[in-house]
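Here the structure is laid out as structure tokens; the discussion comes afterwards.
The values are calculated or read from the model by the stated rules, or taken from the named source; none is laboratory data. Just so it is clear, the structure is predicted and the values come from calculations on it, not from any experiment. Cβ coordinates were reconstructed from backbone atoms using ideal geometry, including for glycine residues, and neighbour counts include every protein chain displayed. Heavy atoms of the whole protein, side chains included, go into the accessibility calculation; ligands, DNA and RNA do not. Shrake-Rupley method; radii C 1.70, N 1.55, O 1.52, S 1.80 Å.
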Amino acid sequence: MDYEEALDFINGAEGLGSKLGLKTIKRLMNELGNPQKDLKYIHIAGTNGKGSTASYISKILEESGYRVGVFTSPYLERFNERIQINGKDIPDETFAKITENVKEKTEKMVSEGFPHPTVFELITAISFLYFKEENVDFVVLEVGLGGRLDSTNIIDSSLLSIITTIDYDHMNVLGDSLYEIGREKAGIIKEKGTVLSYPQKDEVLKALRETAKDKNADFSVCPIENINVKELNEYGAVFDFKYKNDIFKNIKINLLGLHQVYNASLAISAIAILRNKGFIRTSNEEIKRGLTNTFWKGRLEVLRRKPIFVIDGAHNLQGIETLIKSLELFKYNRLILGMSILKDKDSSHMVENIAPLADEIIITEINSPRKMEAENLAKEVEKVNDNIIIEKDIRKAIEKSLNIANKDDLIVFAGSIYLIGDVRKILLNN
């Protein structure tokens with residue numbers, strides 16, 4: 001099996017959709033020898049901020065001399081991005097070799113009457129096998145959807161469970177109240193484990209605390225009140241942070257936005273907990289260096305200047321609200337907004353928050369069966385802003401935004417991670 005054949009096998013399971021539950025992944029991992037049992041995990045769930053927090057933590061551990069596997073989703077430009085060790089994507093030939101093994105076990109399962117694993121289950125299995133083969137010291141494991149029934153939750157234990165910000169998303173699957181969503185995300189908390197949460201709304205916090213109590217787990221909340229922001233601009237931030245007796249001065253990060261200061265502080269808190277428990281050895285200087293050297297594609301990322309061209313992974317209401325706050329970092333004349341949204345998202349509330357701020361809106365379409373048709377998105381936008389251009393081809397939508405922008409304008413493409421992946425690839429390869 002070569003790389004393309006491996007991708008074809010994975011993508012061939014797309015039609016199975018997303019099925020929450022651990023029965024199939026347990027069977028598959030059992031067939032593969034349960035490599036996940038031999039790894040040490042930092043497990044991360046939440047609505048937004050998972051990827052950035054995972055990136056901060058993994059980079060700090062890498063700077064501290066550890067070999068760190070990272071499993072995230074979705075990818076922006078290339079499939080292999082989802083499985084990394086110390087910032088390097090899984091090699092094509094390794095991916096193909098491991099996928100061939102997974103394919104054999106999958107075919108055996110199906111022949112015995114078990115359901116075919118979904119795309120996410122297959123990728124999860126591949127990542128566990130790869131990290132076991134490469135003998136990583138730690139795995140920073142990002143939940144795909146929810147937590148309790150997510151295939152990453154097949155792990156028996158974790159060094160630390162981290163809950164990032166929780167808000168309304170995937171309500172058809174996770175529940176229509178913040179309490180219900182919180183309970184699902186809290187499903188990653190392990191018996192007698194350790195849990196660190198970002199500060200949450202009251203009903204979310206109630207759900208997390210209840211689950212932690214049920215599991216006899218230690219629960220703490222990141223003390224963001226101990227943050228002192230010294231600089232915050234379109235190039236990054238400098239801040240101080242205190243976690244218990246650990247004081248960190250003049251931390252510099254290059255990811256943009258106040259929310260990234262909060263994510264970095266969550267990561268520092270996580271590292272401090274791991275260090276205090278004796279799971280890792282790292283110095284404050286290595287922590288600071290790891291944070292400074294963290295880069296996370298597609299999160300308020302500036303691709304060009306004059307005009308400033310920004311892509312952002314905001315794909316739900318909380319993400320859009322964070323993006324809106326972050327626009328204050330930039331000095332610009334007009335805002336030109338490029339948008340595409342998946343049809344299963346809360347498009348109406350996303351649109352009514354950000355669309356009124358734009359001087360021009362270019363509506364495009366991502367290459368996905370889950371896309372919202374441009375005409376339907378335009379109808380939503382028209383309710384609050386009639387300065388609309390429909391350009392379904394993403395490349396032409398980018399060209400249109402650059403053609404109508406002056407050098408002191410700001411171009412922002414957002415609304416879907418799939419959209420910004422394509423935009424990034426097109427713009428940087430031109």
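For Lys249 and Asn233 in one chain, what is 0.36 nm times their gap in residues minus the Cα-Cα distance, to one decimal in nm? Can you show the working numbers first?
Working: separation 16, 0.36 × 16 = 5.76 nm, distance 1.82 nm.
Extra length available between Lys249 and Asn233 comes to 3.9 nm.
Taking a probe of 1.4 angstrom, what is the accessible area of Glu391 in Å², to the nearest 10?
Solvent-accessible area, nearest 10 Å²: 50 Å².
Can you give the Rg to Rh ratio of region 315-430, both from alpha-carbon atoms, with Rh computed by the Kirkwood formula?
Working: Rg = 12.9 Å, Rh = 14.0 Å.
On the Cα set of region 315-430, Rg over Rh gives 0.92.
How much length is gained on full extension from Lys407 to Glu14, taking 0.36 nm per residue of separation minus their Cα-Cα distance?
This chain segment gains 137.3 nm when fully extended.
Rolling a 1.4 angstrom probe over the protein chains, ignoring ligands and nucleic acids, what is the accessible area of Glu31 in square angstrom, nearest 10?
Probe radius 1.4 Å; accessible area of Glu31 about 40 Å².
Over 30 Å between Cα atoms: which of Lys19/Lys97; Lys59/Lys392; Lys343/Lys407; Lys230/Lys400; Lys215/Lys371 fall into that group?
Details: Lys19/Lys97 26 Å; Lys59/Lys392 37 Å; Lys343/Lys407 33 Å; Lys230/Lys400 38 Å; Lys215/Lys371 39 Å.
Checking Cα-Cα distances, Lys59/Lys392; Lys343/Lys407; Lys230/Lys400; Lys215/Lys371 exceed 30 Å.
For the chain, what relative contact order do you get, as a whole percent, if you take Cα pairs closer than 8 Å and at least 6 residues apart?
On the way: 867 pairs, mean separation 65.6, N = 430.
Answer for the chain is 15 percent.
Within 13 Å, Cβ to Cβ, of Glu14, how many net charges do the neighbouring residues add up to if Lys/Arg are +1 and Asp/Glu are -1?
Numbers: positive: Lys19, Arg370; negative: Asp8, Glu121.
Net local charge, Glu14 excluded: 0.
Only bridges with both residues in region 71-218 count here: give the DSSP antiparallel percent, nearest 5.
Beta bridges within region 71-218, antiparallel portion: roughly 40 percent.
Using R₀ = 41 Å, calculate the FRET efficiency as 1/(1 + (r/R₀)^6) where r is the Cβ-Cβ separation of Asn30 and Asp359; round to 0.05. All intermediate terms of the calculation are to be shown ahead of the outcome.
Working: r = 57 Å, r/R0 = 1.38.
After rounding, the FRET efficiency stands at 0.15.
Provide the gained length on full extension for the span Glu210 to Lys108, in nm with one decimal, where the gain is 0.36 nm per separating residue minus the Cα-Cα distance.
Working: separation 102, 0.36 × 102 = 36.72 nm, distance 4.05 nm.
In short, 32.7 nm is gained.
Cβ under 11 Å from Lys400's Cβ, Lys400 left aside: what net charge do those residues give with Lys, Arg +1 and Asp, Glu -1?
Working: positive: Arg395, Lys396; negative: Glu360, Glu391, Asp393, Glu399.
Taking every Cβ under 11 Å from that of Lys400, the sum is -2.
Express the carbon and sulfur contribution to the solvent-accessible surface of region 329-381 as a percent, rounded to the nearest whole number, probe 1.4 angstrom.
Details: 940 of 2230 Å².
Its accessible area is 42 percent carbon and sulfur atoms.
Under a 1.4 Å probe, what is the accessible area of region 311-430 per residue, stated in Å²? It would help to have the intermediate numbers written out before the result.
Details: 5370 Å² over 120 residues.
On a per-residue basis, 45 Å².
Amide H to amide H, which residues 5 or more places from Ile362 or on other chains are under 5 Å from it, using H placed in the peptide plane?
Close amide H contacts, sequence-distant or interchain: Leu337, Gly338, Met339, Ile389.
In a shell of Cβ-Cβ distance under 12 Å around Thr53, excluding Thr53 itself, what net charge do Lys and Arg (+1) and Asp and Glu (-1) give?
With Lys, Arg at +1 and Asp, Glu at -1, the net is +2.
For the chain, what is the percent of antiparallel DSSP beta bridges, rounded to the nearest 5?
On the way: 22 of 57 bridges.
Here the antiparallel bridges make up roughly 40 percent for the chain.
Go through region 215-291 and name the chymotrypsin sites (Phe, Trp or Tyr not before Pro) that are in a DSSP coil and have 16 or fewer other Cβ atoms within 10 Å of their Cβ. Mind dumping the intermediate values first?
Numbers: sites: Phe219, Tyr235, Phe239, Phe241, Tyr243, Phe248, Tyr262, Phe279; in loops: Tyr235, Phe279.
In loop regions of region 215-291 (DSSP not H, G, I, E or B), the sparsely surrounded chymotrypsin sites (Phe, Trp or Tyr not before Pro) are Tyr235, Phe279.
With a bin width of 20 angstrom, please list the P(r) values of the chain as percents of all Cα-Cα pairs, from the 0 bin to the one holding the largest distance.
26, 58, 16, 0
Could you list which residues have their amide H under 5 Å from that of Thr165, counting only those 5 or more apart in sequence or on another chain, with H placed in the peptide plane?
For Thr165, the qualifying residues are Thr47, Asn48.
Using R₀ = 22 Å, calculate the FRET efficiency as 1/(1 + (r/R₀)^6) where r is the Cβ-Cβ separation of Asn430 and Asn333; round to 0.05. Walk me through the intermediate numbers first.
Working: r = 24 Å, r/R0 = 1.09.
After rounding, the FRET efficiency stands at 0.40.
Tell me, what does the Kirkwood hydrodynamic radius of region 90-201 come to in angstroms if you use every pair of distinct C-alpha atoms? List each step's numbers first, then the result.
Working: mean 1/r = 0.0626 Å⁻¹.
After inverting the pairwise mean of 1/r, the radius is 16.0 Å.
For a label point 7 Å from the Cα of Asn387 along Cα→C-beta, name the residues of region 337-371 whose backbone N is under 15 Å from it.
Counting only backbone N, you get 337-339, 354-363.
Order 109-117, 298-306 from most to least packed using the mean count of other Cβ atoms within 10 Å.
Numbers: 109-117: 13.9, 298-306: 17.0.
So the peptides 109-117, 298-306, ranked by packing, come out 298-306, 109-117.
At Leu22 and Glu5, where each label point lies 7 Å from the Cα along Cα→Cβ, what is the point-to-point distance in nanometres?
For the pair Leu22/Glu5, the computed spacing is 3.5 nm.
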